[in-house]
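No lab work stands behind these numbers, since they all come straight from the coordinates. These numbers come from a predicted model, not from an experiment.
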Amino acid sequence: MSSRTATIARKTGETDVSLTLGLSGTGAGTRSTGVGFFDHMLDLLARHGKLDLDVKVDGDLHTGSHHTVEDTGIVLGQALDQALGDRRGIFRYGHAVVPMDEARAMCAIDISGRPYTLVTGFDRLPGGTINGFDYEEAEEFFRAVASAARLTLHIELQAGTNGHHMIEACFKAFARALRAAVSIDPEETGVPSTKGTLTS
């Protein structure tokens, strides 16, 4: 089995992202993107996903946080793809429903090798920004991760009125579902697919 770790760096004219990921972690690491609320969401992802995650981003925040959030999602997805290796021995599927006060979110993941994202219920989100993080960027982050990691990802925002709570519930549900999906299944000795591969 691989080390289940990855280090990825990606530099464009808009962002400079450095990220190190460990799948069998404890939530260790630091997250510094220049967007405080987004750092908080990445902290939640690491803690509830049992991921060791170091993230450093220098982005063009003078234009807003969109590029920073989306490009961090791309790099996190690339790191997940690399750290999973040939997917041997993983559970593959994960599902979670998480309440956050009046908010509730559901997430289901298949580490399928086929990138697909279905996001529903985000029309419930009020328009707004939290400390430089536009609410609509949550969806862009999840789409970027799923595409780069080649995940089938379903997220449903089922209830809520407070934007902070609603986005936090989504990140926590994603973290818990991902934690289950990447976990090692002691009864699985090969790749959990009748095709024999989950990498293409």
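Quick notes on this structure:
- Residues whose placed amide H lies under 5 Å from that of Asp134, excluding near-sequence neighbours: Ser65
- Region 5-182: translational diffusion in µm²/s, Stokes-Einstein, Kirkwood Rh over Cα pairs, 20 °C, 1.002 mPa s: 136 µm²/s
- Computed from phi, the 3J(HN,Hα) profile of region 123-130 under the Karplus parametrisation 6.51, -1.76, 1.60 (θ = phi - 60°) reads 5, 6, 5, x, x, x, 9, 10 Hz, with x in place of Gly and Pro.
- Less than 5 angstrom separates the built amide H of Thr117 from those of Leu153, all sequence-distant by 5 or more or on a different chain.
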